[in-house]
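The values are calculated or read from the model by the stated rules, or taken from the named source; none is laboratory data. Owing to the predicted nature of the structure, the values given are computational and were not obtained by experimental measurement. Because the Cβ atoms are built from the backbone with ideal geometry, glycine has one as well, and the counts that use them run over all protein chains shown. Protein only, heavy atoms only, side chains kept; ligands, DNA and RNA dropped before computing areas. Shrake-Rupley method; radii C 1.70, N 1.55, O 1.52, S 1.80 Å.
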Amino acid sequence: MSTLKIEENIKSRSIPAITAASYRLMSQNITLWTKRLWIWIVCVATAAGIAVAAALMLLSVKSDEAVVTTWCVWAAASLLTLLFTAFVSGGIMAALKGQKTRRNIIRALKLAALVAVVFVADVALFYAVSIPLVLIWHQGMLLLHLLIAIGIVLVTALLLVPTGYSGMKYMAEDNLGIVSVLGRNYFVGLRFYGRMFMTFFVTMLIGTIIAFVLAAPLWVVAVASLQNSLGIYLGDASGMPTSAPLLIFLGTFTAIAAYSPVWLWQFFCLYYQYGSITARRKETRKEVVTEE
């Protein structure tokens, strides 16, 4: 597969055109992507399955020792998911740029480390809010803490929208350092926030609909697990079978593995959008120089 010349190809395309071009890039080269990425996709699905199972089980365990153990499993599996996702991203970029995989994986790992820092900061913020609520104001309601977690995730996601551009630029251009992701290029992404937000919104909306179908068995088990956790919180005995963690793991693994082509398509949408913004900025600079 040759290196893509995205700046010349799609500099004036709309978001629908970008999504269509991304789909063609994914579907017409599905054999290539499968050969290059299948092992890392299996690793991502495995780590994510363990993380989801541990997260849901964390809500229902009672003893302090079990809470600490389950939390450590969740944290380790979550970080491993980020690690293996970096391997997938590095493999994709190596193919797109016609370079060796190792070089791009190292850059992807640096980007994953930055994401991990944000992840850890979010977890710390959640506990900084939740622990005082329980110890000082005695607000231990499960739904309240769930809403706090969702709120933190949403705010973080909105703040990270510009990194869709700056992160992709860092991965695509070897002369940039990791600091550029949250530096000058972040503010360039902020300038094009509307385009980046719509790209995320459209791809996530389509992806969510597909994920809802693919993960239907997982939703059933997850809802049952949440209801069971609520019952335990209210003083009832656990009604979930001992095989529940395994069912959650298998449901997550299957859903992520089946969802991987959609994830590839979403990645390519950001890649094309990065190219479109870069080309627009170059055209603007040329116009300024011409006028001078």
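Quick check on this structure: which one of Ile248, Ile232 is over 19 Å from the mean Cα position of the chain (by Cα), among the β-branched types (Val, Ile, Thr) and open to solvent by less than 10 Å² (accessible area, probe 1.4 Å)?
Ile248
In the range 81-89, is there at least one residue being in contact with a helix residue (DSSP H, G or I) (Cβ under 9 Å, 6 or more places away or on another chain), surrounded by 17 or more Cβ atoms within 10 Å (Cβ to Cβ) and modelled with pLDDT under 85? Please lay out each step first, then the result.
Let us first name the residues in the range 81-89 that are in contact with a helix residue (DSSP H, G or I) (Cβ under 9 Å, 6 or more places away or on another chain), namely 81-89.
Then keep just the ones that are surrounded by 17 or more Cβ atoms within 10 Å (Cβ to Cβ); that gives 81-89.
Within this subset, residues satisfying the condition of being modelled with pLDDT under 85 are none.
The answer is no, given that none of the residues of the range 81-89 is in contact with a helix residue (DSSP H, G or I) (Cβ under 9 Å, 6 or more places away or on another chain), surrounded by 17 or more Cβ atoms within 10 Å (Cβ to Cβ) and modelled with pLDDT under 85.
Taking the range 1-28 as the search range and keeping residues that are exposed (fewer than 13 other Cβ atoms within 10 Å of the Cβ) and closer than 16 Å to Ile277 by Cα, which one is modelled with the lowest pLDDT?
Lys5
Would you check if there is a residue in the range 121-128 being within 24 Å of Ala75 (Cα to Cα), open to solvent by 30 Å² or more (accessible area, probe 1.4 Å), touching a Leu at 6+ places or on another chain (Cβ under 7 Å) and not charged (D, E, K, R)?
no
Run Ile106 past the list (1) open to solvent by 50 Å² or more (accessible area, probe 1.4 Å); (2) farther than 16 Å from Ala172 by Cβ and report the number of the one that doesn't hold.
(2)
Go through Leu205, Leu218, Leu226, Leu190 for me and flag whichever is closer than 24 Å to Arg107 by Cβ and in a helix (DSSP H, G or I).
Checking each option against the conditions leaves just Leu190.
Check Thr46, Thr31 and return the single one that is more than 20 Å from Ala211 (Cβ to Cβ), hydroxyl-bearing (Ser, Thr, Tyr) and surrounded by fewer than 21 Cβ atoms within 10 Å (Cβ to Cβ).
On the way: Thr46 fails: more than 20 Å from Ala211 (Cβ to Cβ).
Going through Thr46, Thr31 in turn, the sole match is Thr31.
Please find, within the range 129-146, the residue that is most open to solvent (accessible area, probe 1.4 Å) out of those that are touching a helix residue (DSSP H, G or I) at 6+ places or on another chain (Cβ under 9 Å) and at pLDDT 75 or above.
Per the criteria, the residue is Leu146.
For the range 181-214, how many residues are more than 21 Å from Cys269 (Cβ to Cβ) and either under 19 Å from the mean Cα position of the chain (by Cα) or open to solvent by less than 80 Å² (accessible area, probe 1.4 Å) (or both)? Spell out the reasoning first.
Looking only at the range 181-214, we keep the residues that are more than 21 Å from Cys269 (Cβ to Cβ), and these are 182-184, 187.
Right, trim to either under 19 Å from the mean Cα position of the chain (by Cα) or open to solvent by less than 80 Å² (accessible area, probe 1.4 Å) (or both) and you get 182-183.
Final tally of qualifying residues: 2.
Which residues, counting only those in the range 55-77, are in contact (Cβ under 8 Å) with a residue 40 or more places away in the chain and either outside any loop (DSSP other than H, G, I, E, B) or surrounded by 13 or more Cβ atoms within 10 Å (Cβ to Cβ) (or both)?
Leu56, Met57, Leu59, Ser60, Ala75
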